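The values are calculated or read from the model by the stated rules, or taken from the named source; none is laboratory data. Computed from a predicted model, the values in this text were never measured in an experiment. Cβ coordinates were reconstructed from backbone atoms using ideal geometry, including for glycine residues, and neighbour counts include every protein chain displayed. Please note that ligands, DNA and RNA were not included when accessible areas were found on the heavy atoms of the full protein model with its side chains. Shrake-Rupley method; radii C 1.70, N 1.55, O 1.52, S 1.80 Å.
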Amino acid sequence: MRVGRDSRGRAFRSVALMIRLVLVDDHELLRTGLRHRLEAERDLAVVGEADSAESAVAIARKLQPDLVLLDVLLPRRSGYDALPELGRVAPDARVLVVSSLTAPSAVRRALSAGAAGYLPKRASDRELLSAIRLIAGGAGYVDPDLGARLINPNASPALDPLSERERDILHLLALGYTNQEIGARLFISVRTVDTHRAHIMQKLRLETRAELVMFALANGVIGAETG
């Protein structure tokens with residue numbers, strides 16, 4: 001066993017098989033809850049946290065973790081942008097994306113940029129812990145439901161009229177995000193979000209947000225447990 005220091009100067013214990021983690025999410029409450037859950041495991045140590053792509057790269061360069069848990073929806077620059085940089089500054093660190101975005105395009109983009117795995121934020125504790133250990137051990141992991149959609153991205157025929165970008169926006173609208181919040185998270189203008197939203201409503205023949213949410217639930221865009 002050895003004693004080290006995390007990015008805040010706090011001591012942590014490490015053994016030969018300890019997996020050193022960095023958490024990257026712009027929601028402090030989520031990071032705090034995740035830290036407490038992960039540190040209940042004997043083989044996991046959270047050594048750093050970041051709330052932006054820029055700080056994630058800086059902390060990974062400094063701490064050289066084994067694994068980075070990364071949200072792709074971050075302020076200013078996305079987690080997608082951070083992935084190649086993380087690979088350069090911490091080449092031995094592997095990245096598991098944990099995101100509310102579940103469209104096949106989001107998963108493909110993350111994996112293509114260098115992520116070793118992808119989980120939706122609705123994943124269970126058990127699945128998260130399993131994914132962390134598999135990826136730290138050199139394997140890859142994609143949530144089975146998301147993996148099935150990668151193989152057959154048009155599993156729900158009702159979504160056929162929508163482009164991948166429109167599906168991303170549909171997902172965020174159904175989760176309750178405003179047009180302004182969606183623009184900030186997807187790095188597009190509010191006007192572009194407005195245009196996509198109008199196209200979605202027209203293509204799906206929906207008139208209200210309530211109808212949009214019901215459509216999303218009925219077609220697996222969001223789960224009934226969301227929220």
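When you go through Ala198, Ala218 one by one, which is the residue that is at pLDDT 85 or above, open to solvent by 40 Å² or more (accessible area, probe 1.4 Å), more than 21 Å from the chain's Cα centre (by Cα) and not acidic (Asp, Glu)?
Every option except Ala198 fails the conditions.
Taken over region 78-98, the criterion of being aliphatic (A, V, I, L, M) and in contact with a strand residue (DSSP E or B) (Cβ under 8 Å, 6 or more places away or on another chain) is satisfied by Ala82, Leu83, Leu86, Ala90, Ala93, Val95, Leu96, Val97, Val98. The numbered conditions (1) in a loop (DSSP other than H, G, I, E, B); (2) modelled with pLDDT of 80 or more are all true for Arg185 except (1). Of everything in region 1-33 that is among the hydrophobic types (A, V, I, L, M, F, W, C), within 22 Å of Ile135 (Cα to Cα) and modelled with pLDDT under 95, the residue that is most open to solvent (accessible area, probe 1.4 Å) is Leu17. Per this entry, Ala155 is not counted among residues that are modelled with pLDDT under 85, among the aliphatic types (A, V, I, L, M), surrounded by 20 or more Cβ atoms within 10 Å (Cβ to Cβ) and over 22 Å from Gly33 (Cα atoms).
Right, Glu39: open to solvent by 40 Å² or more (accessible area, probe 1.4 Å) and over 13 Å from the mean Cα position of the chain (by Cα) or not?
Numbers: open to solvent by 40 Å² or more (accessible area, probe 1.4 Å): yes; over 13 Å from the mean Cα position of the chain (by Cα): yes.
Taking the combined requirement at face value, the residue satisfies it.
Are any of the residues in region 42-62 within 11 Å of the chain's Cα centre (by Cα), open to solvent by less than 10 Å² (accessible area, probe 1.4 Å) and free of Cβ contacts under 8 Å to residues at least 40 places away in the same chain? Within region 42-62, none of the residues are within 11 Å of the chain's Cα centre (by Cα), open to solvent by less than 10 Å² (accessible area, probe 1.4 Å) and free of Cβ contacts under 8 Å to residues at least 40 places away in the same chain. Taking the criterion of being more than 24 Å from Leu159 (Cα to Cα) and open to solvent by 50 Å² or more (accessible area, probe 1.4 Å), the residues of region 86-113 that qualify are Arg88, Pro91, Asp92, Arg94.
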